[in-house]
Amino acid sequence: MFHHTSSKIKTQIVEIPVSDRWRIHHRLQELMIPSWCPADGSLVVEIDSAIAAILVRSTVQQFVATRQELLTWLERCWTSEVIS
């Protein structure tokens, strides 16, 4: 579960397998993104910028996406045009 307490940012809830929550939490801490795993088993993440949101999404994808989903995403990145 992602949750932000600021009234400026909407709360987003995402189901994450229990087995991945601690690993995601530790990776987010490495990225200096505040996160917590409360006793209720949820993952709470403080997202205060667009970059933080992208990093959180990317981190979660690493753990929960299937190999095929990751390959499709990577292929889409390779074929995307760069807008300058």
Review point. How do the peptides 50-56, 38-44 rank, highest first, by the average count of neighbouring beta carbon atoms within 10 Å per residue?
Key: 50-56, 38-44
Check your understanding: What does the charge add up to near Ile33, with Lys and Arg as +1, Asp and Glu as -1, over the other residues with Cβ less than 10 Å from its Cβ?
Key -> -2
Exercise for review: Figure the gain on full extension for Asp20 and Phe63 (residue separation times 0.36 nm, minus the Cα-Cα span) and round it to one decimal in nm.
Suggested key: 14.8 nm
Practice item. Counting only C-alpha contacts under 8 Å and six or more residues apart, can you give the relative contact order of segment 18-79 as a whole percent? Key: 26
Practice item. Calculate one ³J(HN,Hα) per residue across segment 58-67 by plugging θ = phi - 60° into the Karplus curve 6.51 cos²θ - 1.76 cosθ + 1.60, and present them in order as whole Hz with x for glycine and proline. Key: 4, 5, 4, 4, 4, 8, 10, 6, 6, 4
Study note, to complete from the structure: segment 18-79: Kirkwood hydrodynamic radius (Cα pairs, Å) comes out at 12.6
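FYI, it's all coordinate maths here, none of it is from the lab. Predicted model only: the values in this text are computed from it and were never measured. All Cβ positions, glycine included, derive from the backbone under ideal geometry; neighbour counts span all protein chains shown.
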